[in-house]
1. Measuring from a point 7 Å past the Cα of Ile13 along Cα-to-C-beta, which residues in region 19-47 have an amide N at less than 19 Å?
2. Along Cα→Cβ, 7 Å out, is where each label goes; now give me the distance between the ones at Ile65 and Met1 in nm to one decimal.
3. Suppose accessible area is computed on protein heavy atoms with a 1.4 Å probe; arrange Thr66, Thr2 from highest to lowest.
4. Show Ser11, Ser31 ordered by accessible area, largest first, where the area counts protein heavy atoms only and the probe is 1.4 Å.
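The values are calculated or read from the model by the stated rules, or taken from the named source; none is laboratory data. Note that this is a predicted model, so its numbers are computed, not measured. We place every Cβ from the backbone using ideal geometry, glycine too, and count neighbours over all the protein chains shown. For the accessible areas, the whole protein counts, side chains as well, though only heavy atoms, and no ligand, DNA or RNA atoms are used. Shrake-Rupley method; radii C 1.70, N 1.55, O 1.52, S 1.80 Å.
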Amino acid sequence: MTTALLLFLASGIAGLTTGLFLRVWALVLVSPVTAILAAIVLQNAGFGFWMGIPIVVGCLVFGQITYVAAAFYMQRGGFSVQDDVDGKPGEHG
């Protein structure tokens, strides 16, 4: 159980770091690396194939969620749907 929690923590840190410093395209590299490393760690810890799949998927989902949270944090207040609708950033009405 500790192994799974540490993997979730590591994937969350990876997602958070990616969201704060890199663009979305970096997830193309970060997600497979996360899945491969999680699978290797789980295999070495004695987890079976069917027990490891939900943990790896959970790590990937948690990493994506923390990426989105960090990306929204970086955009706080700087995003408005009206900016895209009327084509004039900052002007409403």
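1. 19-22, 27, 30-42, 45
2. Spacing of the two 7 Å Cα→Cβ label points: 1.9 nm.
3. Thr2, Thr66
4. Ser31, Ser11
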